[in-house]
Amino acid sequence: MGFLTEFSSKAEIHRREVIKRFDDFFVSYFDKLEMLDDTIANDLIVTLLARAPASPVAQAVQRHADRLEGLGVDLRVIFAKIDPASDFASFAEVNGLYSGDKCLDASIRWAKNPALLDAHEQLVLGESHCWSGDSMRRSPDARFALDMFEFASTTTVKLGEMAFDGLWSISDAIPNSRFRNVANATSDDPAVLEFDGIGEQLLEATMAETFYTRH
């Protein structure tokens, strides 16, 4: 089962719509995991292919990082761009891709070859949930031409896995220098975390007044 979504043409409202739109997607995935008597390894693998940590899909993953970690999910990430440093540091810290002074380079890579920007952003949750978005050449705040959610499509997931694995094999490890600011990301710059504490409440209130989601 899949569907396309429509969003406001206003960039800021559009961005909030995109990030919030992933909530139901994640909830569906979490519900599936909790219903399984015996969770198989592939159901606990989440892969993200995104233009940058500031991309709405990456922010959506960051928004649900605590639940992913609590369920023991193995997150693997490919970014085409890893700037600005504050966004990358926040994403790595919140999603557990950095531990002490060690970067978990087995979990994150950099598709720095410009030719790879033709690939589309993608999020695969387990064995049945797959989201596909625009080409990574598109700005994170631009209106999506493609926004496809698949809730129960093992075929789409398999294709997504093949695409991710192919890009992973030709992407680069993140240089250790890029993790320099990760350890203190949350304490030195609270604004880096977009969805934390009072900020979450204010965002919810603002969105409730400015737009609604279309089904």
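A short reminder: the numbers here are calculations on the coordinates, not readings from a lab. Here the structure is a predicted model, which means the values were calculated and not measured. Note: ideal-geometry Cβ built from the backbone for every residue, glycine included; neighbour counts use all protein chains shown.
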**Message:** Starting from the 7 Å offset along Cα-to-Cβ, what nm value, one decimal, do you get for the label separation of Asp66 and Lys112?
**Reply:** 3.5 nm
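Among Ile19, Ile45, Ile40, which comes first, second and so on when ranked by fewest other beta-carbon atoms within 10 Å?
On the way: Ile19 22, Ile45 17, Ile40 10.
In increasing order of surrounding Cβ atoms, one gets Ile40, Ile45, Ile19.
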**Message:** Using a 10 Å cut-off around each Cβ, can you sort Val27, Val157 from fewest to most neighbouring Cβ atoms?
**Reply:** Val27, Val157
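Among 121-133, 64-76, what's the highest-first ranking by average C-beta atoms within 10 angstrom per residue?
Result, highest mean first: 121-133, 64-76.
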